[in-house]
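*Asks:* Can you keep this structure in mind? I'll have questions shortly.
The values are calculated or read from the model by the stated rules, or taken from the named source; none is laboratory data. Model, not experiment: these values are computed from the prediction. Reconstructed Cβ throughout: ideal geometry from the backbone, glycine too, with neighbour counts over all protein chains shown. These area figures cover heavy atoms from the full protein model, side chains too; ligands, DNA and RNA do not enter into them. Shrake-Rupley method; radii C 1.70, N 1.55, O 1.52, S 1.80 Å.
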Amino acid sequence: MSILGRAVTRVEDERFLTGRGRYVSNTSSVGTDTLWIAFARSPIAHGRLLGVDTSEALNVEGVMFVFTGSDVDLPPIPPVFGSLTHPLMVRPIVAVDTVRFVGEIIAVVVASSESAAVDGVAALIEDIEPLDVVIDPVESVSTSVHLFDGSGTNVTYSGSLASDGVDDGTDLFGDCEIVIEQVVVNQRLAPCPMEPRAAVCVPDEGRLRCYLTTQTPQLARDSIAAQLRVPADTIHVIAGPDVGGGFGPKDGWYPEDILTAWVAQRTGKTVRWHETRSESMLGLYHGRAQVQTLRLGGGRDGRLTAYEMEIVQDAGAYPSLGAWLPDLTMMMAPGTYDIPKVRARSQSVVTNSTPVNAYRGAGRPEATAAIERMIDLFAQRIGLDPIEVRRRNLIAPFTSPRANAMGTVYDSGDYVGALDLLAVHVDLPALRAEQEARRQSGDPVQVGIGVSTYVEVTGGPQAGSEHARVSVADDGKVTVYTGTSPHGQGHETSWAMLAASELGVDMADVSVVHGDTDLVPEGVGTYGSRSLQLGGGAVVKVSRDLIDEAKRIAARHFEADVADVAFDAERAVFHVVGTPSITLSWPDVAEKADGPLTAYGKYDAKSATFPSGAHLAVVEVDVETGYTRLRRFVSADDAGRIINPLIAAGQRHGGIAQGVAQALFEAFTYDEYGNPQGGNLAEYAFPSAAEMPYFELLDIASPTDANVLGVKGIGESGTIGSTPAVHNAVLDAVSHLGVEHIDMPLTPFKVWSAIHHQ
């Protein structure tokens, strides 16, 4: 009987929970002749780098080398999307003439110990002439202060998208009875993975073996090789072997990775680096950071007919993937709603801040937060319940692909069903009655109910692919080699479940290899909730290819036609049709193979998938202090077929917690001089389990044929739906006091100020 669909406990958790995970910072057996590096970083946000005095650092005991930008003969980091971003706006591996954010690398200290390297950094004396600082992305669009000489602008990328028949001159709102406008800030966030970044690079017989904290080891290998100008097969990257969280910003590679490899190449010795949490807060790329000017129009009956979005995306000091993320926001702008006329424009700008990258959801949470906030505001304006306004505008259930107003083709969805499931589960009339009673009594603790519906794209935005290899040893043990690279997703369990189900073997006899570019030379990696539909799909495809190969071997043994050989997955044996008692097992077939019994392949999905759902939050807001308590949270998430309910639930729990954190707690801010205001976890409001209630998870599923498994992504859904649900709940709790909108995070001071300064 297949184990798919069963709540199988994650096999990797035993080593994680007992402290036996193997991370880069505790990598052992990498050589005894080891050097350490530490990085000197700019203490100011913008300035001319006139020089770095290295003399005192070189006198520190144990310091062997100090390299500044003029010493490092490496090309700048190329733009993520080539010609899409401004050609002058590239990041040097080490700053040369100009520093553009606090935390930018200005020198590399190489020493015989970590403490000596840190002391060497402290002994450096930098000479930086301050320049004017630009922090506000909206101001960056038009200011005369440009971060890159000769660019004439801070705009690095622009985009636009609209529904059919709509152009820049179209009057979207001329026939609307009601039009509302609101500026919504989707604030900058620090990713804060449990494991900060680290790198260890080991010279190994003409090659470099690099242990990195990366989500994409094959991309990291190719990028290091390109930067060092060496063949890719001379670089061996190992992700971890375990990676403690990623959330998007560990996708790809960083200057620190390149410099660790460069020093190892230059010295011929093992080189180690790991960052502190404060370094991580400044150097690990941030997320979100959009300012959205939104207009929504429709009738007094609640029917929405027009929506406009203008985005200013803060790309940080150097455009990375974050500069392109508004494209995802625009393609998902109308969300789950049937709004006929939609127009979106975006400008991505550089500012004197940490660069922005993908962060759990990457452009899609921003789209959902925008439309969901606007629908609540529209409902408030016309005096209708926000859930009813949603019902009147949701796309009807569909099982065949259909396009939204922007031309984005959704695979399937039941948005109405998810919303109705929530409403029945929580007894909305009772909640509204409690809310009204508290309002009438003047209770200092008010109740708010917030709802959101969402749809996002995963495994895309276009159809994706992934690689896998499956081998069977002479003893029947199975090894799965996957191009995906986990950092908490449970691939070792899920991939073993898939291979065991296809091959008919015991799951305990399946091992999973990942993140090692020598063992898995081709792979795309893990991001964008792509793993199960693409990586899992590859495991299924290759397992089936292996069965076909085994049938050919069995046919030779049975002296039969291949078409007459059957595979009995229940017994894990091969036999000729009609003679089930004469069989070959997997060990038998492996023994009779001419070489290793293995299959390798690349799986191409039919299309991206579009998970969806509805979330509801109940909050209590103390109007005398502004403090918010999340009392209840319910989600109905549609991820298609569920392979392991336990893993899916874990992804939902983690995603919801991160989304709630954005709504209530987290924001990475700078002062007017570009100084970070939250450089550690004592200052950055990172929540704990104590701030979260029990999450009530409801199941709903719509079928998809976009991939061989019929699955949709689940890793980001919780984050996307939860943030606007909580945001709307807090505003619902204080709307009767005249408060229309507060930007996230809804801290006690901001809520109190909004209540008392009407």
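*Asks:* Go through LEU597, LEU219 and list them by solvent-accessible area, largest first, probe radius 1.4 Å.
*Replies:* Details: LEU597 5, LEU219 80 Å².
The ranking, largest first, comes out as LEU219, LEU597.
*Asks:* Still on this structure, I have one more. Consider the candidate values (i) 61, 34, 25; (ii) 52, 28, 27; (iii) 42, 39, 23; state which one is semi-axes √(5λ) of the Cα gyration tensor in Å computed from the structure displayed.
*Replies:* Answer by label: (iii).
*Asks:* State the answer as a single residue: which of PRO130, GLY120, LEU503 lies farthest towards the positive end of the charge dipole of the chain, with beta carbon charges of +1 for Lys and Arg and -1 for Asp and Glu, about the Cα centre.
*Replies:* About the Cα centre, the residue reaching furthest to the positive side is LEU503.
*Asks:* I need the per residue convex hull volume for segment 135-282, using only the alpha carbons, in cubic angstrom as a whole number. Don't skip to the end; give the middle numbers.
*Replies:* Details: hull volume 31.9 nm³, N = 148.
Spread over its residues, the Cα hull of segment 135-282 gives 216 Å³ apiece.
*Asks:* Place +1 on the Cβ of every Lys and Arg and -1 on the Cβ of every Asp and Glu in the chain, take the dipole about the Cα centre, and give the residue among SER452, PHE686, ALA333 whose Cα lies farthest towards its positive end.
*Replies:* It is SER452, whose Cα lies furthest towards the positive end.
*Asks:* At 0.36 nm per residue, minus the direct Cα-Cα distance, what do GLU139 and ASP545 gain on full extension? Give it in nm, one decimal, please. Don't jump to the answer; show the numbers that get you there.
*Replies:* Numbers: separation 406, 0.36 × 406 = 146.16 nm, distance 5.65 nm.
Gain in length upon complete extension: 140.5 nm.
*Asks:* Express the relative contact order of the chain as a whole percentage, based on alpha carbon pairs under 8 Å and six or more residues apart in sequence.
*Replies:* Worked out over the chain, it gives 15 percent.
*Asks:* For labels at ALA682 and GLU181 in the simple 7 Å Cα→Cβ model, what's the distance in nm?
*Replies:* Placing both labels 7 Å along Cα→Cβ, they lie 4.5 nm apart.
*Asks:* Can you work out the FRET efficiency for the pair ASN675 and SER581, with r the C-beta to C-beta distance and R0 = 60 Å, to the nearest 0.05?
*Replies:* Rounded to the nearest 0.05, the efficiency is 0.15.
*Asks:* Counting pairwise Cα distances across segment 60-177, what percent come out greater than 19 angstrom?
*Replies:* Numbers: 4516 of 6903 pairs.
More than 19 Å apart: 65 percent of the Cα pairs in segment 60-177.
*Asks:* Using Stokes-Einstein with the Kirkwood hydrodynamic radius over Cα pairs, what translational diffusion coefficient do you get for segment 201-353 at 37 °C and a viscosity of 0.692 mPa s, in µm²/s rounded to a whole number?
*Replies:* 178 µm²/s
*Asks:* Would you calculate a helix-derived [θ] at 222 nm for the chain, using -39,500 (n - 2.57) for each DSSP H run of n ≥ 4 and dividing by the full residue count, to the nearest 500?
*Replies:* -8500 deg cm²/dmol
*Asks:* Where does each of 669-679, 510-520 land if you order them by average Cβ count within 10 Å, highest first?
*Replies:* 510-520, 669-679
*Asks:* With all protein chains present, how much of the accessible area of the chain (probe radius 1.4 Å) comes from carbon and sulfur, to the nearest whole percent?
*Replies:* That fraction is 52 percent.
*Asks:* In addition: Net charge within 11 Å of ASP242 by Cβ-Cβ distance, Lys/Arg positive one each and Asp/Glu negative one each, not counting ASP242 itself?
*Replies:* Once all neighbours under 11 Å are counted, the net charge is 0.
*Asks:* Now a separate question. From the Cα trace of segment 415-566, what convex hull volume per residue do you get, rounded to a whole Å³?
*Replies:* With only Cα atoms used, segment 415-566 gives 201 Å³ per residue.
*Asks:* Also, quick follow-up: Kindly provide the pair-distance distribution of segment 348-388 built from C-alpha pairs, with 10 Å bins from 0 and whole-percent values in order of increasing distance.
*Replies:* Each 10 Å bin holds this share of Cα pairs: 23, 33, 24, 16, 4.
*Asks:* Then there's this: How many Å² of accessible area per residue for the chain, probe 1.4 Å? Spell out each step's value before the answer.
*Replies:* Numbers: 27550 Å² over 758 residues.
Spelled out: the 1.4 Å probe surface of the chain, per residue, equals 36 Å².
*Asks:* Right, another one. Sorting check: for 44-53, 412-421, which peptide has the highest mean count of neighbouring beta carbons within 10 Å, and how do the rest follow?
*Replies:* My ranking of the peptides, most packed first, is 412-421, 44-53.
*Asks:* Straight-line reach from LYS606: which lysines fall under 24 Å, measuring Cα to Cα and dropping same-chain residues less than 8 apart?
*Replies:* By straight Cα distance, LYS606 reaches LYS541, LYS712.
*Asks:* How would you order 472-479, 452-459 from highest to lowest mean count of nearby Cβ atoms within 10 Å?
*Replies:* Numbers: 472-479: 17.5, 452-459: 29.8.
Highest to lowest by the protection proxy: 452-459, 472-479.
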